Amino acid sequence: MKTKKFTLLFIFIFLTNCGYQPIYLQKDSLKIFINEIDLEGDKKINRKIMELTNLKKKNNGKPSYNLKLISNKNIEIVAKDKFGNASIYKTTVTVIFSLEDQNEIFKQKTFSSNFSYNDIINSFELSEYQKTIENNLINKIAEEILIFINA
């Protein structure tokens, strides 16, 4: 019984003192320097992604890239009820992320995320719910972009 407690205590101490730290905790430590930023599409999505990824123009004499973001949001009706009213919606956020070096593409990837949800009778609550869903999708894409940049 004592050895079991001792073993559990040892494992607990080892795991708490192992120095674990999330890889993408520091967003300021990006390995990319940006010379020029070109944003196209939905301004709100672009602004939010730039804020979440902490991508800014900085050129310290090191090789720098031109950043191009093309974003799009689409809300579509997936299903209708027997009266022809929308019953299920799907929101899709798509972002094309591109880093170019002297007109050559260094890294490029299309990020897309979607979510389906039921209709809400109150139109104000529906629009607020759609805004929340959009923010969640943008946050997810921003995290994927950070992983893509640092990979």
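Amide H contacts for residue 119 (H built 1.01 Å from N in the peptide plane; partners 5 or more residues away or on another chain; cut-off under 5 Å): 88, 89. Taking segment 129-150 and a reference point 7 angstrom along Cα→Cβ of residue 47, the backbone N atoms nearer than 18 Å belong to 131-139, 142. Give me a comma-separated list of calculated 3J(HN,Hα) values for segment 65-72, in order, Karplus coefficients 6.51, -1.76, 1.60 applied at θ = phi - 60°, integers in Hz, x for any Gly or Pro. Once rounded to whole Hz, the list reads 10, 9, 9, 10, 10, 10, 10, 8.
Per residue, the convex hull spanned by the Cα atoms of segment 78-151 amounts to 100 cubic angstrom.
Here the 3J(HN,Hα) profile of segment 92-104, calculated from phi with Karplus coefficients 6.51, -1.76 and 1.60 at θ = phi - 60°, is 10, 10, 10, 10, 9, 9, 9, 10, 10, 10, 6, 6, 10 Hz, Gly and Pro shown as x. Rounded to the nearest 20 debye, the dipole size of segment 26-150 about its Cα centre is 260 debye, using +1 on the Cβ of Lys and Arg and -1 on the Cβ of Asp and Glu. Averaging 1/r over every pair of different alpha carbons in segment 26-150 and inverting the result gives a Kirkwood radius of 16.0 Å.
Any read-out appearing in this document is the output of simple, stated calculations on the displayed coordinates, not a laboratory observation. Quantities reported herein were computed from a predicted structural model and do not represent experimental measurements. With ideal geometry, Cβ positions are generated from the backbone for all residues, glycine too; neighbour counts draw on all protein chains shown.
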